[in-house]
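Comments concern the structure below.
Nothing in this text is a laboratory measurement; each read-out follows from the coordinates by a stated rule. This one's a predicted model, so the numbers in the text were calculated from it and none came from an experiment. Note: ideal-geometry Cβ built from the backbone for every residue, glycine included; neighbour counts use all protein chains shown.
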Amino acid sequence: MKSSVIVFPGSNCDRDIAVALEKMQFKNQMVWHKETKLPKSDLIVVPGGFSYGDYLRSGAIAGKSLIINEVVKAANDGCLILGICNGFQILTETGLLKGALLRNENLKFINKDVNIKVINNTTKFTKKYKKNQILKINIAHNEGNFFTDPSHLQELNKENLIAFKYCDENGEISKKSNPNGSMENIAGIYNLKKNILGMMPHPERMVDELISNKDGINLFSSLIN
Amino acid sequence: MKFSVTVTLKKDVLDPQGKVVQNTLQNLGMDNLKSIRQGKYFEIELNENNQNDAEKKVEDMCKKLLANLIIEDYKVTKI
């Protein structure tokens, strides 16, 4: 399978995700944001980082970049799109995913490994996970507090569009296990067609026992098959 | 023609920064303080003589980039 990683000035997880994708046998290409054509891809990743220094709002400037028009076209044609952290923020700014990521409720940048629960394991992104499986994945963000309007929240629940929720090590989803104030502990969501996943946690940091764990690897192995 | 734009979080969106500023001012003795919402301020100058057209352009800027209408409101004022 072919993948493309979009690189903005200020992206800093682009090489990590490339390593994770190549480890899983993706044929990956890096695509600079000024490009106006995307290489043929089965998967497009919008990586984490601080695109444009988070000027104006996180993801706002990157969301209007040249290459994003191509990403939107590809998404509408059914291409798989994965936005991680700043990538998730960018996808909400483009409108490919509804909702927004607000500043963390406690106003702190949070960098730690947290537990998340797999809520929907029937998509192309998560089919290798078990339902309700608890993963330990790193988060590193200042604006991860998911917010949306009541009708979208209802749609997320009704259409099974919530990918992951923050939980504790026993899988309990509560205010206590919510690191950033996200509505309903939401850590990742799909669009209605489920070909776009946006998530705040970093699965690409969890693909090697040597540096962390392998809890993120099934996301990429789900996609390759 | 010159305009100012203020962008603030919508009423039902939590504004923790505004809250912290409010608490701090209250600690400084400003006890008749009711509420504070923090926002962003832009000054925008346009090469345009028709005020209606200019206002429309600034509105467009707000909708397309300056504000995220899911979480923010904006206000345009001629200055």
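What residues have an amide H closer than 5 Å to that of residue A:196, excluding those fewer than 5 places away on the same chain, when H is modeled at 1.01 Å from N in the peptide plane? Residues meeting the criterion, in which the H sits 1.01 Å from N, are A:81, A:191. Phi angles of region B:61-66 translate, via the Karplus equation with coefficients 6.51, -1.76, 1.60 and θ = phi - 60°, into HN-Hα couplings of 4, 4, 5, 7, 9, 5 Hz per residue; Gly and Pro are given as x.
Annotation: amide H of residue A:167 within the under-5 Å range of A:115, A:116, A:117, sequence separation 5 or more or interchain, hydrogens built in the peptide plane.
When the helix-only estimate is applied to the protein assembly as shown (DSSP H runs of n ≥ 4, each -39,500 (n - 2.57), divided by the residue count), what is the mean residue ellipticity at 222 nm, nearest 500 deg cm²/dmol?
Values: 7 runs with 70 residues, N = 304.
For the protein assembly as shown, the value works out to -7000 deg cm²/dmol.
Measuring nothing but how far apart in sequence close Cα pairs (under 8 Å, 6+ apart) lie, relative to its length, chain B scores a relative contact order of 54 percent. Computed from backbone phi, the HN-Hα couplings of region A:32-38 come to 5, 4, 7, 5, 10, 10, 9 Hz, rounded to whole numbers (Karplus: 6.51 cos²θ - 1.76 cosθ + 1.60, θ = phi - 60°; Gly and Pro given as x). Distances between placed amide hydrogens fall under 5 Å for residue A:102 paired with A:145, A:146, A:147, all partners being 5 or more residues away or on another chain.
Between rounded, prolate and oblate, where does region A:71-212 land on the alpha carbon gyration tensor, with a ≥ b ≥ c its root eigenvalues, rounded for a/c under 1.5, else prolate if a/b exceeds b/c?
Working: a/c = 1.35, a/b = 1.20, b/c = 1.12.
The shape class here is rounded.
In terms of packing, defined here as the mean over residues of other Cβ atoms within 10 angstrom, the peptides B:17-23, A:181-187, A:132-138 line up highest first as A:181-187, A:132-138, B:17-23. Rounded to the nearest 20 debye, the dipole size of the protein assembly as shown about its Cα centre is 520 debye, using +1 on the Cβ of Lys and Arg and -1 on the Cβ of Asp and Glu.
Express as a percent, rounded to the nearest 5, the fraction of DSSP beta bridges in chain A (both residues included) that run antiparallel.
On the way: 23 of 40 bridges.
If we restrict to bridges inside chain A, about 60 percent are antiparallel.
On a C-alpha basis, how far is the centre of region A:50-72 from the centre of region A:103-125 in Å? Whole number, if you could? Result: 22 Å between the Cα centres. Rounded, prolate or oblate, given the Cα gyration tensor of the protein assembly as shown, with a/c below 1.5 counting as rounded? Because a/c hits 1.5 or more and a/b fails to exceed b/c, the protein assembly as shown counts as oblate. Reducing region A:150-225 and region B:1-74 to their Cα centroids gives an inter-centroid distance of 32 Å. Computed from Cα positions, the angle between helix B:16-27 and the longest principal axis of chain B comes to roughly 50 degrees. Taking 8 Å as the Cα distance limit and 6 or more residues as the minimum spacing, I'd like the relative contact order of chain A as a percentage. Taking the mean separation of contacting Cα pairs over the length of chain A, I get 20 percent. Restricting region A:1-49 to trypsin sites (Lys or Arg not before Pro) that sit in a DSSP loop and have at most 14 other Cβ atoms within 10 Å of their own Cβ leaves A:34, A:37, A:40. Magnitude of the charge dipole for chain B, about its Cα centre and with charges confined to Cβ atoms of Lys, Arg (+1) and Asp, Glu (-1), is about 160 debye. A full extension of the chain between residue A:160 and residue A:37 corresponds to an added length of 41.0 nm, given 0.36 nm per residue minus the alpha carbon distance. Given R0 = 45 Å, the distance between the Cβ atoms of residue A:25 and residue A:105 translates into a calculated FRET efficiency of 0.70. With both labels modelled 7 Å from their Cα along Cα-to-Cβ, the residue A:76 to residue B:4 distance reads 3.9 nm. The 3J(HN,Hα) values that the Karplus relation (6.51, -1.76, 1.60; θ = phi - 60°) gives for region A:54-61 are, in residue order, 6, 4, 6, 8, 4, x, 5, 6 Hz. Gly and Pro appear as x.
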